[in-house]
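Q: Pasting a structure below so you can have a look.
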Number of protein chains: 2
Amino acid sequence: MSLLDILFGRPLASREERAERIGSIAGIPIFGLDALSSAAYGPEAALTLLIPLGAMGVRYIVPITLSIIALLTILYFSYRQTIAAYPGGGGSYTVARENIGPGAGLLAAAALMIDYVLTAAVGISAGVGALVSAVPSLQPHTLAICLWILAIIALVNLRGLRESGAVFIIPTYLFVGCLFAMIAIGGIRSVAAGGHPTPVEAMPIMPPATATVSLWLLLKVFSSGCAAMTGVEAVSNGVKAFREPTAPNAQRTLTTIIVILMVLLGGIAWLASAYGIGATNPEKNYESVLSMLLRAVAGKGIFYYVSIASILSVLSLSANTAFADFPRLCRIIAHDGYLPRSFASTGRRLVYSQGIYGLAVLTGGLLILFGGVTDRLIPLYAVGAFLAFTLSQAGMVRHWRRQGGAFHNVLVNGLGACATGVTTIVVLTAKFIDGAWVTVLLIPVMLIAMVWVRRHYQLVSEETSTLEPANFGEIREPIAITPIANWSRISENALRFAYTVSHDVRAVHVSAGDQTEDAFCADWTKYAEIPARKAGLPAPELVVLESPYRWVLTPILNYVLDLQKQNPDREIAVILPEMVERHWYHYFLHNQRAEILKTWLLVRGNQRIVVINVPWYLKA
Amino acid sequence: MSLLDILFGRPLASREERAERIGSIAGIPIFGLDALSSAAYGPEAALTLLIPLGAMGVRYIVPITLSIIALLTILYFSYRQTIAAYPGGGGSYTVARENIGPGAGLLAAAALMIDYVLTAAVGISAGVGALVSAVPSLQPHTLAICLWILAIIALVNLRGLRESGAVFIIPTYLFVGCLFAMIAIGGIRSVAAGGHPTPVEAMPIMPPATATVSLWLLLKVFSSGCAAMTGVEAVSNGVKAFREPTAPNAQRTLTTIIVILMVLLGGIAWLASAYGIGATNPEKNYESVLSMLLRAVAGKGIFYYVSIASILSVLSLSANTAFADFPRLCRIIAHDGYLPRSFASTGRRLVYSQGIYGLAVLTGGLLILFGGVTDRLIPLYAVGAFLAFTLSQAGMVRHWRRQGGAFHNVLVNGLGACATGVTTIVVLTAKFIDGAWVTVLLIPVMLIAMVWVRRHYQLVSEETSTLEPANFGEIREPIAITPIANWSRISENALRFAYTVSHDVRAVHVSAGDQTEDAFCADWTKYAEIPARKAGLPAPELVVLESPYRWVLTPILNYVLDLQKQNPDREIAVILPEMVERHWYHYFLHNQRAEILKTWLLVRGNQRIVVINVPWYLKA
């Protein structure tokens, strides 16, 4: 078993693809981790903006959460329809491209790609941030831990889909189970106490109000809470990863994810309101809302610690959704020619390895750039998701109108498009100064790059593609040239091969005035000319090039280029004998002139100059 | 004028070599900087060991310096003779090798090479150390300054000999002039004051004696003072760099260097003794002996600062001697086959560029390893020099006996051999624990490496060298194979070239089950077979290889290796079409499979598998 096999698992044959597909049980952790984990920070983000309203502010969380749940319901039905309409995988890119146009598709693609990189970076650094605030001695190693987790997630994903589902299944269901238990216990206690339960432990006192409520404030609260909705689109991109029947399996997975997410969001909002728990100031004596709720409901026992651990692991693993989806998105875009083609080929474990590498490199770069602390990136990252949502929903509206879909189909997606469109504008406005402008700048750059890539591929294709039969007329022998430094078995071997290519053979010797090196020239007749004539071949010509500056390669290069100019109708075959060393450390003992000359000929040459490497395997 | 020309100067033709040679005026800074600059730290090193004897200790400096000067005199006459006997360059390596044997030569070579690397590293870091203690704000940049100076010295040396002489001439003569002036002024004042002059400025008070004098202590003082003698051998290695008549010019240079060095050593010892100035403790309120002498003789005026500046620059430039000599030494060793051959070839400015790169890399590595503070290396570095001196002198003794030289010749070199031999043992014993053991360990490692290099070259030469005429009998066409992914102008081009090489042409297609890719197979008859028959050529065979794991290169590689096994008497020509990109950033848009397959074929193939690169130049 090779090292590669141990790291990545045995290679999978193409016919095994079907067996690698997943059901909805495994689908939830793979495609839902991002959406579900956002329950841990969405409500918190909303409550944080309500701090200035004091204890009264907490009241607003229930109506705002209800409006987020309403938006989520619209999105759910929209995406359910999208999955049914695009069983081959209907991400925003595909839907927008097919129904609105390539420009809209690329816009959605760029927005989503930015979003996935941010999801991966923010997910990992949020998890590590929580871990580090629990164990402060790890603080100096923040970046290193982030990069290790990134490497592990990338590795697990390179091993293939099914395996990553298996790895993430436990923390995901533990997380859901713990939060469900919390909501159930808290709910029963709340009802038993007539809506005003007493926390098991003392809660921090809310600071006094410093502001009054305004529509603008509520809009900002809403747009912050919308962070909880990123990741909802993942399932629709990955339909093809599900077992047959794919669309129903994908829909079932989407339903489960959305229902769980709604319960979590609603439950958390209700408990916060019932217990009167608001967010704490992040700058001093910070405690997360979920931590307070858990303490209030069940005290700081084993249940508390298990729940906190599951939250941490789910947060840092939420990056995995990006790893499941980003390579699929890149594959579709690469298939259309807007990204390098290698993104479209499947690796040894039937995953799109290049996309995984790409995401890992970009995420790692972002983590290194921000030293593993990506708090400042959070504002950037709902914009992309909602832009993609909007384009996808708008595309679906056109889809139904062109396909003649039922009125309720148009209505559902139209409602989705309007709701997400408005939300995009709200989020962009509310977060523009905080960093959303970076996304606005990045998107056009990516659009230009993608269009440029496709243009290049098109030009290459125009230049090289042909449906004509080959033209084998006028095939003439090339002129064969071989550089020769001194007479040896290696040069003899190259000269022999030259005769298999052509009868017009020239040996080129560069003379720097060193007599011992040039000695063999005098014996050229004996070494080469007579044997050639004996074998019935034309004698090889010895061309001696003077090199006053002791350069070896330049004279040969110039000779070849000149010869090509003088014989524009003939091909020149440059035969380079190459010593193959048995051991890497022999590399330093022999010059690498053959390799350098080959590169020079490629760079300076033209289509009629062909390089032939004749290897000589050293036994020494 | 290209960038290379600006950095390194225009290339020099081989016939210009004579004009690049130097006279003795330029020879002194080039080959003498190391020896002369040691006047700045040799006496200091000796005086430091005398500190425990208190004010009385300073007395011993004059007799010890006289014994060092006596040893220097012996060495001088020895090396004068060596230069006359070896006008082609008679370093320790050559002399020991020719007269004692290859083993002794290599031993001397290894010792000298270690010594030169240490000279370069210690010289630069000593200069920078002095600079940094004068300007403490530069302290954090010590390593960076060291590496910059190293780069400048290497660059100047790559520009060629004459230029480096010109650059170093001013600081060298300024240094000598200042110290001569100091000795003259101090000497006159001392004589005028009846041997007990009063310092112009107050001198630090010597600490009380804490030890009594012993023979072991005096031996250690002597061996520390011997550091002043390293670098004396440089001229004898570089005889060939001098203008005609080479030997007399080299001898004149050696004479001048030794006389100046003796005057400096003697003068410093005398003044120190007359003024009663000892070394200060390096750990607190440190002031160098030369600085104190300068203050005592002439006060802290302009003269003081100019002198200090010249000392600093000479110290850090003393590394240049290593750069002048190390490449020459490597060249001679490489010429004998004990070092990679590239060390023996002259670069664009007629210097041995590889040796300069090698020394720069080793010195840079050492500086980085020690963070630019190489104080701890000083103990290591007289051992190598004295070992080489001893071997060279012993070799000269045998030389005279074999050549029938006069008795005084044998006497001079015999005396030299004994004196330096004893000194080697004294230095090794006195400094063994402090670090000389590293040298003792390193030398055998280098010996083994050099012997191994030579053995490798010999085996290669045995394997490849021949004086037989070429055998052009039984030249048969190879089997031509070209991989083909789809039908395009590029594959047509490769197929066309295949027919210039052979009539047995096979196109290999790897199928991973992708139908769009395999589409052209059905039309193979139309695309290739019919046109070939029309042109009177045998039709190319299309070989389709199944690849269930979607690998592209492995099936081709295996096919080629199998085919070679089945046709052991024939050559296989693998024709690889290669797209040549116009811009570096196109690299990412096309796969590099041709390059990878070529490497695999080289690694796994054999002498009968030849790779032919047919380039396709993209216009796009």
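The values are calculated or read from the model by the stated rules, or taken from the named source; none is laboratory data. In this text, all values refer to a predicted model and were calculated from it rather than measured experimentally. Here Cβ is always computed from backbone atoms with ideal geometry, including for glycine, and neighbour counts include all displayed protein chains.
Q: Looking only at the range A:531-538, decide whether some residue is more than 30 Å from B:MET450 (Cα to Cα), of a type in the set (D, E, K, R) and more than 7 Å from chain B (Cβ to nearest Cβ).
A: First, pick out the residues of the range A:531-538 that are more than 30 Å from B:MET450 (Cα to Cα): A:531-538.
If we keep only those that are of a type in the set (D, E, K, R) as well, we get A:533-534.
Then keep just the ones that are more than 7 Å from chain B (Cβ to nearest Cβ); that gives A:533-534.
Yes - at least one qualifying residue is present in the range A:531-538.
Q: Tell me yes or no: at least one residue of the range B:450-460 is in a loop (DSSP other than H, G, I, E, B), within 14 Å of chain A (Cβ to nearest Cβ), within 25 Å of A:MET579 (Cβ to Cβ) and at pLDDT 90 or above.
A: No, the conditions are met nowhere in the range B:450-460.
Q: As an exercise: evaluate A:GLY435 against (1) in contact with a helix residue (DSSP H, G or I) (Cβ under 9 Å, 6 or more places away or on another chain); (2) in contact (Cβ under 8 Å) with a residue 40 or more places away in the chain; (3) at negative phi and give the number of the one condition it does not meet.
A: Of everything listed in (1) in contact with a helix residue (DSSP H, G or I) (Cβ under 9 Å, 6 or more places away or on another chain); (2) in contact (Cβ under 8 Å) with a residue 40 or more places away in the chain; (3) at negative phi, A:GLY435 misses just condition (3).
Q: I've got another one for you. Does A:LEU601 satisfy being in a helix (DSSP H, G or I), buried (at least 20 other Cβ atoms within 10 Å of the Cβ) and more than 8 Å from chain B (Cβ to nearest Cβ)?
A: yes
Q: Something else now. Of the residues A:SER78, A:SER67, only one is crowded, with 19+ Cβ neighbours inside 10 Å and in contact with a Phe, Trp or Tyr (Cβ under 9 Å, 6 or more places away or on another chain); which?
A: Step by step, each of A:SER78, A:SER67 is checked, and only A:SER78 is crowded, with 19+ Cβ neighbours inside 10 Å and in contact with a Phe, Trp or Tyr (Cβ under 9 Å, 6 or more places away or on another chain).
Q: Turning to a different aspect of this structure: Taking helices (runs of 4 or more DSSP H) that fall entirely within the range B:18-91, which contain at least 2 residues that are modelled with pLDDT under 85, within 24 Å of B:THR255 (Cβ to Cβ) and within 29 Å of the chain's Cα centre (by Cα)? So that I can check it myself, show each step before the final result.
A: On the way: elements: B:24-37, B:42-50, B:61-85.
Counting at least 2 such residues, we get B:24-37.
Q: Let me ask another. Return the only residue of B:GLY299, B:GLY337, B:GLY266 being surrounded by fewer than 24 Cβ atoms within 10 Å (Cβ to Cβ), within 14 Å of chain A (Cβ to nearest Cβ) and at pLDDT 80 or above. Don't jump to the end; show me each part of the working.
A: Values: B:GLY299 fails: within 14 Å of chain A (Cβ to nearest Cβ); B:GLY266 fails: within 14 Å of chain A (Cβ to nearest Cβ).
None of the other options fit; the residue is B:GLY337.
Q: Can you name every residue in the range A:553-593 that is in a helix (DSSP H, G or I), of a type outside the set (S, T, N, Q) and touching a helix residue (DSSP H, G or I) at 6+ places or on another chain (Cβ under 9 Å)?
A: In the first step, residues of the range A:553-593 are kept if they are in a helix (DSSP H, G or I); the result is A:553-566, A:584-589, A:593.
Right, trim to of a type outside the set (S, T, N, Q) and you get A:553, A:555-557, A:559-563, A:565, A:584-589, A:593.
Those that are in a helix (DSSP H, G or I), of a type outside the set (S, T, N, Q) and touching a helix residue (DSSP H, G or I) at 6+ places or on another chain (Cβ under 9 Å): A:LEU553, A:ILE556, A:LEU557, A:VAL560, A:LEU561, A:HIS586, A:PHE588, A:LEU589, A:ARG593.
Q: Using the structure shown, decide if B:VAL306 is touching a helix residue (DSSP H, G or I) at 6+ places or on another chain (Cβ under 9 Å), in a helix (DSSP H, G or I), modelled with pLDDT of 85 or more and surrounded by fewer than 17 Cβ atoms within 10 Å (Cβ to Cβ).
A: Yes.
Q: Moving on to the next point. Of the residues in the range A:483-493, how many are facing chain B (nearest Cβ under 10 Å) and either polar (S, T, N, Q) or buried (at least 19 other Cβ atoms within 10 Å of the Cβ) (or both)?
A: Count: 7.
Q: Could you please find all residues in the range B:606-619 being part of a loop (DSSP other than H, G, I, E, B) and either more than 7 Å from every other protein chain (Cβ to nearest Cβ) or within 28 Å of A:ASN606 (Cβ to Cβ) (or both)?
A: If the condition is that a residue be part of a loop (DSSP other than H, G, I, E, B) and either more than 7 Å from every other protein chain (Cβ to nearest Cβ) or within 28 Å of A:ASN606 (Cβ to Cβ) (or both), then B:ARG608, B:LEU618, B:LYS619 are the ones that fit.
Q: Of the conditions (1) facing another protein chain (nearest Cβ under 9 Å); (2) touching a residue at least 24 places away in the same chain (Cβ under 8 Å); (3) buried (at least 18 other Cβ atoms within 10 Å of the Cβ); (4) touching a Pro at 6+ places or on another chain (Cβ under 6 Å), A:ILE556 clears all except one; give me its number.
A: (1)
Q: Would you check if A:THR516 is in the same structural domain as A:VAL603 (by TED's automatic domain parsing), under 18 Å from A:LEU601 (Cα atoms), at pLDDT below 90 and polar (S, T, N, Q)?
A: The answer is no for A:THR516.
Q: Here's a follow-up. Any residue in the range A:438-451 that is assigned by TED's automatic domain parsing to the domain that holds A:LEU118 sitting within a Cβ distance under 7 Å of a residue that is outside any helix (DSSP H, G or I)? List the pairs, counting only those 6 or more apart or interchain.
A: A:MET450/A:TYR338; A:MET450/A:LEU339
Q: Also, I was wondering about something else. Pairs, please: C-beta under 7 Å, at least 6 apart or cross-chain, first residue over 15 Å from B:SER313 (Cα atoms) and in the range B:135-151, second among the β-branched types (Val, Ile, Thr) and outside any helix (DSSP H, G or I)?
A: Matching pairs, first to second residue: B:THR142/B:VAL373.
Q: Further question on the same structure: Tell me, please, whether a residue that is within 14 Å of chain A (Cβ to nearest Cβ) and touching a Phe, Trp or Tyr at 6+ places or on another chain (Cβ under 6 Å) can be found in the range B:419-431.
A: There is no residue in the range B:419-431 that is within 14 Å of chain A (Cβ to nearest Cβ) and touching a Phe, Trp or Tyr at 6+ places or on another chain (Cβ under 6 Å).
Q: Look at the range B:497-525 and say how many of its residues are under 55 Å from the mean Cα position of the chain (by Cα), closer than 29 Å to A:THR500 by Cβ and more than 9 Å from chain A (Cβ to nearest Cβ).
A: Within the range B:497-525, residues that are under 55 Å from the mean Cα position of the chain (by Cα), closer than 29 Å to A:THR500 by Cβ and more than 9 Å from chain A (Cβ to nearest Cβ) number 9.
Q: Now for a separate question. Working only within the range A:393-424, note down all residues that are assigned to a helix (DSSP H, G or I) and of a type in the set (Gly, Ala, Ser).
A: A:ALA394, A:GLY395, A:GLY414, A:GLY416, A:ALA417, A:ALA419, A:GLY421, listed by residue number.
Q: Another question, if that's okay. Taking the range B:544-581, which residues are at pLDDT below 90 and of a type in the set (Gly, Ala, Ser)?
A: B:SER547 - this is the single residue of the range B:544-581 that is at pLDDT below 90 and of a type in the set (Gly, Ala, Ser).
Q: Any idea which residue in the range B:462-482 is surrounded by the fewest Cβ atoms within 10 Å (Cβ to Cβ), counting only those that are facing chain A (nearest Cβ under 7 Å) and of a type in the set (A, V, I, L, M)?
A: Within the range B:462-482, the match that is surrounded by the fewest Cβ atoms within 10 Å (Cβ to Cβ) is B:ILE475.
Q: In addition: Exactly one condition in (1) more than 10 Å from every other protein chain (Cβ to nearest Cβ); (2) closer than 18 Å to A:ILE490 by Cα; (3) among the acidic types (Asp, Glu) is not met by A:GLU581; state its number.
A: So A:GLU581 meets the others, but not (1).
Condition check ((1) assigned to a helix (DSSP H, G or I); (2) more than 26 Å from B:VAL289 (Cβ to Cβ); (3) touching a helix residue (DSSP H, G or I) at 6+ places or on another chain (Cβ under 9 Å)) across all residues:
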| site | (1), (2), (3) |
| --- | --- |
| B:VAL132 | yes, no, yes |
| B:SER137 | yes, no, no |
| B:LEU147 | yes, yes, yes |
| B:TYR173 | yes, no, yes |
| B:VAL176 | yes, no, yes |
| B:ILE183 | yes, no, yes |
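Q: Given the options B:ALA234, B:ALA272, B:ALA250, name the one that is touching a strand residue (DSSP E or B) at 6+ places or on another chain (Cβ under 6 Å) and touching a residue at least 40 places away in the same chain (Cβ under 8 Å).
A: On the way: B:ALA234 fails: touching a strand residue (DSSP E or B) at 6+ places or on another chain (Cβ under 6 Å); B:ALA272 fails: touching a strand residue (DSSP E or B) at 6+ places or on another chain (Cβ under 6 Å).
Checking each option against the conditions leaves just B:ALA250.
Q: I've got another one for you. Looking at the range A:478-504, which of its residues are free of Cβ contacts under 8 Å to residues at least 60 places away in the same chain and farther than 26 Å from A:GLU546 by Cβ?
A: A:ARG496, A:TYR499, A:THR500, A:HIS503 - these are the residues of the range A:478-504 that are free of Cβ contacts under 8 Å to residues at least 60 places away in the same chain and farther than 26 Å from A:GLU546 by Cβ.
Q: When you go through A:ALA166, A:ALA126, A:ALA151 one by one, which is the residue that is in a helix (DSSP H, G or I), within 22 Å of A:GLU287 (Cα to Cα) and out of contact with any Ser or Thr (no Cβ under 6 Å at 6 or more places or on another chain)?
A: The conditions single out A:ALA126.
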